[in-house]
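*Asks:* I have a structure I would like to understand better, so I am pasting it below and will then ask my questions one at a time.
The values are calculated or read from the model by the stated rules, or taken from the named source; none is laboratory data. In this text the structure is predicted, and so the values were computed from the model without any measurement. Backbone-built Cβ (ideal geometry, glycine too); neighbour counts: all protein chains shown. Keep in mind that these areas ignore ligands, DNA and RNA; they rest on the heavy atoms of the full protein, side chains included. Shrake-Rupley method; radii C 1.70, N 1.55, O 1.52, S 1.80 Å.
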Amino acid sequence: MTLPSSSKIVIIGGGIIGCSTAYHLARMGQEVLLLEKAALTSGSTWHAAGLVGQLRSNANITQLLGYSIELYDRLEEETGLATGWKMNGGLRLACNEERWTEVRRQATTAHSFGLDMQLLTPQEAQDLWPLMDIGDVVGAAFLPTDGQASPSDITQALARGARNAGAQLIENCPVTEILTEKGKLTGLRTPQGDIACEKLVLCCGQWTRDLAASVGVTVPLVSVEHQYMITEPFDVPGNLPTLRDPDRLTYYKEEVGGLVMGGYEPNGIPWAEKGIPDPFDFQLLPSNFEHFEQLVELALPRVPALETAGIKQLLNGPESFTPDGNFILGEAPELENLYIGAGFNAFGIAAGGGAGMALAEWVAKGAPPYDLWPVDIRRFGRPHTDVDWVRARTLEAYGKHYTMAWPSEEHESGRPCRRSPLYGSLKNAGAVFGEKLGWERPNWFAGPGEEARDIYTFDRPNWHDPVGREHRAAREAAVLFDQTSFAKFLLTGPDAEAALQWIAANRVDRKVGTIIYTQMLNDAGGIECDLTAVRTKEDEYYIVTGTGFATHDFNWIRRNIPEGLNAQLVDVTSSNAVLSLFGPAARDILQEVTRDDVSHDAHPFGQARRIGIAGCPVLALRITYVGELGWELHLPAEYAQSVYDALHEAGRAHGLRNAGYRAIETLRLEKGYRAWGSDIGPDHTPDEAGLGWAVKLASNIPFKGREAVAAQRANGVKKIMATFTTSGNTILSGRETIYRNGTRCGWLSSAGFGHSLGTSIGMGYVRADQVIDRDYVLSGTYELEVATERVPAEVTLAPLYDPKMARIKM
């Protein structure tokens, strides 16, 4: 095939992800060219194990994987090529009580997301999988719609479907360079000539990182050896479900009358640390029997027949893995029109159909079909630019693939990385740190005689009482949070107001010193950002957003500054420390350390002022995310220790305590404050989330998403965010199913314990097929499914704590 000189869209990589993306783009009528350096599937697709499971901890990723199954179900008939797809179901075992709790919680998550996951007795599980010994099995879960596929066959079928729809696929055509001009993508270079393109999609598996890095784009993935064993046939039934045995770190599937057995060992072996050899096509690594022996020892008691089964092959194929175990999709924040689909953590076959669909829509329409934040490339940040850090964290994630997924579990590798100036002081004060985007952040503080580490459990954890202590201090006295990790930007320039007025849903044409809480919306009215902006000058706004959203929100704001406006966005995160002082005694403490008047009249709620503390110029924001009187104190990082010491000295007589992020979470739940990424996001509008009051619809000011919000306000909503409480000792951790009048109507997007109220609290959307209102929500009788058991719940649309905001405006 002759190489064209141009194509609107070019895909690099002919594995399952590239071919799926080409298939979906071509069926959308897009001009698309796929280039593969060798032959289709020759990277890692050809040696994938081919298990196809659906359930993930996020509803939309579960939906994406469910689409893969829908596609594989019809692909053979559509293209005429065999795919090896079998919907033989998937079994997951539990061999101790804690794993059984996890499995039951997973079953509830499945029910929340509309999947029929069934809980089985050990005997029922053995009836489905007669080869296994069930002596240690407590129970099992079965998902009938899971299955397995032949990776190469599925990919060839997708390739034929892509060609049939008009795509060009060219093999043996390596890309040697991505071409840019003045920071803009122009095309690519191959040995056969240059190709101009408008959009470029990198689906190159473990080769993606280095190719993207050549144009300054970070794709944090590394190669890890992954082995599985293929036996000779020994009369294994062809309809045998796939089996995951996480307590023994192993998985199984039927293969031509024999078994495939693989797993995730705790000590994974990185590969190609100094670069991938060239060529490396349809190649494997030497079998490492010694390393694999640990999995064999775990597998033999489960499947005794493996003792005598002949071993056909121990296959060792490197795969690309990521630091958080999720794959990477989306437009690169560093280079417009460059898209990534890579890092599939050995579940590329399960994700291939859905990921290709979503990426194709992202490329063609500029936005994904639904919120894909867990896999969005913009979830990464500064630590992910360092390959050594990425490798350390990825190996930890690989080793945890089948370990217990504990609530609130933290990673340990690559730490500490980014530290607040107060790290040492907080550690000495008993801080137990968590990590986000590399930042060490105090989660809670251990008191005398308490062990200063997380001890994970599905019951009340060891930090429950210490967090309650911090929570009550915030309600009754005062607390100090180190929130230095906040992402902080400056939007400056003569057109700063005009630019932000377009991007923000709330009005920003306010007086200098005003704090503006606002969402930033997409064209469908979905919430892309949820942040505060302080007007610090006529031509300057100081923008503060969540730690984990630094890359995403900076990218969203910068890319949506209207063309022709003179406004610049600068990241100042590392310049400023943030100390947040909250509680009924906050004003008394603050007044003791500053000459400036911080009375309510002098410094009302929603205003920011410059004040002095211990020789430091402080931007004091009177705002709250915990529902109490208080201030966020933003200050140059070099002053942090002095201000911290001054506040604690003054606060000693007022009962001031250090407090951490887990107390912030319990406090905000009592107030019903929404969290982006869980309660709100691109799939949720302000009116659905109860945030319509922060939208400037009453004005005639145009803003991004205005038409969608106006149409919804005229037509009504089909889901409404509500807060739920349960009595007794019910532990809520999120994703519990919501039932209204006995019918499933949603799931909890976040949950925790309200220490002031003495009850578990959950937030989630009540959903319906028709337009609903407040009365609909409040008139229902509710239950929550918790680990497959239903418990009664009360519903409210008002904050559970201080609904009139009297304490905030003291």
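*Asks:* To test your reading of the geometry: what angle, between 0 and 90 degrees and rounded to tens, separates the Cα axis of helix 706-715 from the longest principal axis of the chain?
*Replies:* 90
*Asks:* May I ask you to give the solvent-accessible area per residue for region 1-122, in square angstrom, as obtained with a 1.4 angstrom probe?
*Replies:* 33
*Asks:* Summing -39500 (n - 2.57) over the DSSP H runs of n ≥ 4 in the chain and dividing by its residue number, what mean residue ellipticity at 222 nm do you reach, to the nearest 500 deg cm²/dmol?
*Replies:* After summing the helix terms and dividing by residue count, I get -7500 deg cm²/dmol.
*Asks:* Label region 746-787 by shape, choosing from rounded, prolate and oblate, from the square roots a ≥ b ≥ c of the eigenvalues of the Cα gyration tensor; if a/c is under 1.5 it is rounded, and otherwise prolate applies when a/b is larger than b/c, oblate when it is not.
*Replies:* prolate
*Asks:* Next question. Report the label-to-label distance for Ala213 and Glu290 in nanometres (one decimal), using points 7 Å from each Cα along the Cα→Cβ vector.
*Replies:* It is 2.9 nm.
*Asks:* Right, next: What's the carbon and sulfur percent of the chain's accessible surface, probe 1.4 angstrom, rounded to a whole number?
*Replies:* 48
*Asks:* Would you mind working out the magnitude of the charge dipole of region 373-498 relative to its Cα centre, with +1 at each Lys and Arg C-beta and -1 at each Asp and Glu C-beta, to the nearest 20 Debye?
*Replies:* It comes to approximately 160 debye.
*Asks:* Pairs of alpha-carbon atoms within less than 8 angstrom and 6+ residues apart define the contacts here; what relative contact order does region 369-445 have, in percent?
*Replies:* About 26 percent, as a whole number.
*Asks:* Okay, moving on. Take every Cα-Cα distance within region 439-540, group them into 5 Å bins from 0 onward, and report for each bin the whole-number percent of pairs it holds.
*Replies:* 2, 10, 14, 14, 12, 11, 11, 11, 8, 6, 2, 0
*Asks:* Full extension from Glu171 to Thr796: what is 0.36 nm times the residue separation minus their Cα-Cα distance, to one decimal in nm?
*Replies:* Extra length from Glu171 to Thr796 when fully extended: 219.1 nm.
*Asks:* Would you mind counting up the charge near Ala38? Only other residues with Cβ under 15 Å from its Cβ, with Lys and Arg at +1 and Asp and Glu at -1. If you can, show how the numbers build up before the last one.
*Replies:* Values: positive: Lys37; negative: Glu36, Glu171, Asp278, Asp281.
Neighbour charge sum, excluding Ala38 itself: -3.
*Asks:* In Å², and per residue, what accessible area does region 677-774 have when probed at 1.4 Å with the other protein chains present?
*Replies:* 39
*Asks:* Per residue, what accessible area does region 537-581 have, given a 1.4 Å probe and all protein chains present, in Å²?
*Replies:* Dividing the accessible area of region 537-581 by its residue count gives 38 Å².
*Asks:* Treating the beta-carbon of each Lys and Arg as +1 and of each Asp and Glu as -1, no other charges, what is the dipole magnitude of region 700-810 about its Cα centre, to the nearest 20 debye?
*Replies:* Working: 14 positive and 10 negative charges, 100 e Å.
Charge dipole of region 700-810: 480 debye, to the nearest 20.
*Asks:* Once the dipole of the chain is set up with Lys and Arg at +1 and Asp and Glu at -1 on Cβ about the Cα centre, which of Leu490, Leu115, Met261 lies farthest towards its positive end?
*Replies:* Going by the Cα projections, it comes out as Leu490.
*Asks:* Can you give the charge dipole size of the chain about its Cα centre, rounded to the nearest 20 debye, using +1 on the beta carbon of Lys and Arg and -1 on the beta carbon of Asp and Glu?
*Replies:* Value, rounded to 20: 2320 debye.
*Asks:* At 1.567 mPa s and 4 °C, plugging the Kirkwood radius over alpha-carbon pairs of the chain into Stokes-Einstein gives what diffusion coefficient in µm²/s?
*Replies:* It diffuses with D of about 46 µm²/s by this estimate.
*Asks:* So, one more: Please state the relative contact order of the chain as a whole percent: Cα pairs under 8 Å, 6+ residues apart?
*Replies:* 12
*Asks:* Once a ≥ b ≥ c are taken as the square roots of the eigenvalues of the Cα gyration tensor of region 335-439, is the result rounded (a/c under 1.5), prolate (a/b larger than b/c) or oblate (a/b not larger than b/c)?
*Replies:* prolate
*Asks:* Starting from 0.36 nm per residue, how many nanometres of slack lie between Asp539 and Asp571 once their C-alpha separation is accounted for? Kindly include the intermediate steps, with their values, before the conclusion.
*Replies:* On the way: separation 32, 0.36 × 32 = 11.52 nm, distance 1.64 nm.
Separation in residues times 0.36 nm, less the Cα-Cα distance, equals 9.9 nm.
*Asks:* Give me the net charge of Ala620's neighbourhood, meaning all other residues with Cβ under 12 Å from the Cβ of Ala620; Lys, Arg count +1, Asp, Glu -1.
*Replies:* Net charge in that neighbourhood comes out at +1.
*Asks:* Next question, about the same structure. Can you tell me the relative contact order of region 144-246? Whole percent, Cα pairs under 8 Å, sequence separation 6 or more.
*Replies:* Relative contact order, region 144-246: 17 percent.
*Asks:* If you don't mind, there's one more thing I want to ask. Distance between Cα centroids, region 456-506 to region 630-690: provide it in whole Å.
*Replies:* 4
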